[in-house]
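The values are calculated or read from the model by the stated rules, or taken from the named source; none is laboratory data. Just so it is clear, the model here is predicted, and its values are computed rather than measured. All Cβ positions, glycine included, derive from the backbone under ideal geometry; neighbour counts span all protein chains shown. Ligands, DNA and RNA are excluded from the accessible area calculation, which covers all protein heavy atoms including side chains. Shrake-Rupley method; radii C 1.70, N 1.55, O 1.52, S 1.80 Å.
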Amino acid sequence: MARNALMASSLSGEEREAVWPGLAAMTGSKLDTVARALRGNVRVIFRLSGLTDADMAVIAAIMRRDTCARELEIEQNPDITDVGVGHLADALRTPGAATALRLLSLANNHGITDVGIGHLADVLRTPGAATALQVLSLGSNPGITDVGIGHLADALRTPGAATALSLNLDNNPGITDVGVHHLADVLRTPDAAGALKRLSLSRNRGITDVGVGDIADALRTPGAASTLDSMSLWGNSGITDVGVGHLADMLRTPGAARTLTHLNVDNCPAITEAGAQALLDGAEEGTCYTLTKLGCNFACFASLLYRPERLGVATIPRLDAIMRRNAAASRALQAARARERVLLAHWAAERARRVRREAVVE
């Protein structure tokens with residue numbers, strides 16, 4: 001999209017575009033266009049838009065007094081700093097503001113640092129703030145380090161904080177095993193077991209086998225990560241067969257990662273055929289039957305194999321059998337839960353009828 005352009009797309013696919021010299025300088029109909037976009041149930045994108053902190057103050061003012069869009073993407077605006085993020089965070093903490101906001105992306109804004117992430121963490125830990133938020137994307141921000149991840153982790157461990165959040169931290173070179181340790185603490189904390197639904201840590205060259213081991217250990221903790229269904233470590237050059245071994249051990253641990261459906265360690269150049277086989281062994285020997293999509297350098301288990309010659313033809317039916325077994329187990333579990341709901345509803349109805357009969361007799 002051209003610089004200085006706003007795109008507001010309705011969820012049905014309709015698009016409209018406006019051009020402006022900067023929100024803070026807007027008057028009249030152009031600013032009204034932005035306000036209408038943010039008020040409606042639409043996806044609003046400010047990408048390559050030349051936004052500044054002053055513009056963020058205007059956006060925040062609109063969000064504070066009007067119902068916000070469901071999806072707000074503010075990306076690739078290098079002049080936005082922690083001050084602008086602070087304006088946005090203040091708006092999100094306002095009671096009754098942004099009640100419809102499901103997705104917030106601040107990806108690829110190089111002026112954002114750990115201070116700005118601290119502002120967002122305050123939103124996550126504030127009861128009643130951004131209650132509908134499901135996705136927070138903070139990828140490709142080189143100013144974010146382990147300190148910022150610590151802020152987010154502390155917030156997610158706070159009682160009453162956001163739950164079932166999809167957190168994207170891809171391509172942040174400042175994140176290392178220390179930051180991963182903070183996130184692992186969230187996963188292993190029983191009171192925060194429902195904090196994360198999806199976690200993406202792809203293309204972070206500071207993450208090594210140590211961080212992977214920390215996450216694997218957290219997922220083996222009884223009662224941990226009760227809502228985590230997807231984790232991506234794609235494209236991390238510091239992950240080797242040792243890290244994959246930690247994940248394999250986690251998969252074969254009874255009761256571990258019981259909600260995990262998607263695990264991706266594809267395109268990690270240091271993982272060899274031995275690591276891929278170890279991961280396959282863990283998936284085959286374990287009881288993580290929810291796992292139906294597993295990616296590794298030499299195999300994409302959702303579609304069997306990209307390069308079967310690297311693992312051998314005999315591996316194909318083995319992969320197929322594991323994924324089919326898990327898919328069948330998942331369907332059986334869903335069916336059992338459905339039967340349980342029917343029985344509970346029947347029991348509740350019977351109890352209500354019995355109470356009514358007893359009341360009539362009295």
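Every residue in the range 247-275 that is buried (at least 22 other Cβ atoms within 10 Å of the Cβ) and in a helix (DSSP H, G or I), please.
Answer for the range 247-275, where residues must be buried (at least 22 other Cβ atoms within 10 Å of the Cβ) and in a helix (DSSP H, G or I): 247, 248, 250, 251, 275.
Please state which one of 143, 116, 111 is more than 21 Å from the chain's Cα centre (by Cα) and either within 29 Å of residue 205 (Cβ to Cβ) or open to solvent by 20 Å² or more (accessible area, probe 1.4 Å) (or both). Don't jump to the end; show me each part of the working.
Values: 143 fails: more than 21 Å from the chain's Cα centre (by Cα); 116 fails: more than 21 Å from the chain's Cα centre (by Cα).
Checking each option against the conditions leaves just 111.
So residue 188 passes all but one of these: (1) farther than 19 Å from residue 230 by Cα; (2) without any contact (Cβ under 8 Å) to a residue 40 or more places away in the chain. Which condition number does it fail?
(1)
Any chance you could count how many residues in the range 81-97 are surrounded by fewer than 18 Cβ atoms within 10 Å (Cβ to Cβ) and hydroxyl-bearing (Ser, Thr, Tyr)?
Selection size over the range 81-97: 1.
Among the residues of the range 215-243 satisfying the criterion of being over 18 Å from residue 169 (Cβ atoms) and in a loop (DSSP other than H, G, I, E, B), which is most open to solvent (accessible area, probe 1.4 Å)?
Within the range 215-243, the match that is most open to solvent (accessible area, probe 1.4 Å) is 222.
Hey, among the residues in the range 161-171 that are touching a helix residue (DSSP H, G or I) at 6+ places or on another chain (Cβ under 8 Å) and open to solvent by 10 Å² or more (accessible area, probe 1.4 Å), which one's modelled with the highest pLDDT? If you could, list the steps in order and put the result at the bottom.
Kept after step one, since they are touching a helix residue (DSSP H, G or I) at 6+ places or on another chain (Cβ under 8 Å), are these residues of the range 161-171: 161-162, 165, 167, 169.
Narrowing the set further to residues that are open to solvent by 10 Å² or more (accessible area, probe 1.4 Å) leaves 161-162.
Numbers: 161: 88, 162: 85.
Filtering first and then ranking leaves 161.
Which residues, taken from the range 69-83, are of a type outside the set (D, E, K, R) and over 12 Å from residue 37 (Cα atoms)?
Across the range 69-83, the qualifying residues are 74, 76, 77, 78, 80, 81, 83.
Inside the range 92-106, can you point out the residues that are farther than 19 Å from residue 81 by Cα and in a helix (DSSP H, G or I)?
none
Specify the residue that is surrounded by the fewest Cβ atoms within 10 Å (Cβ to Cβ); the eligible residues are those in the range 52-80 that are at pLDDT 90 or above and in a loop (DSSP other than H, G, I, E, B).
Checked the range 52-80; the qualifying residue surrounded by the fewest Cβ atoms within 10 Å (Cβ to Cβ) is 78.
Look at the range 36-51 and say how many of its residues are among the aliphatic types (A, V, I, L, M), surrounded by 18 or more Cβ atoms within 10 Å (Cβ to Cβ) and outside any helix (DSSP H, G or I).
The total comes to 4.
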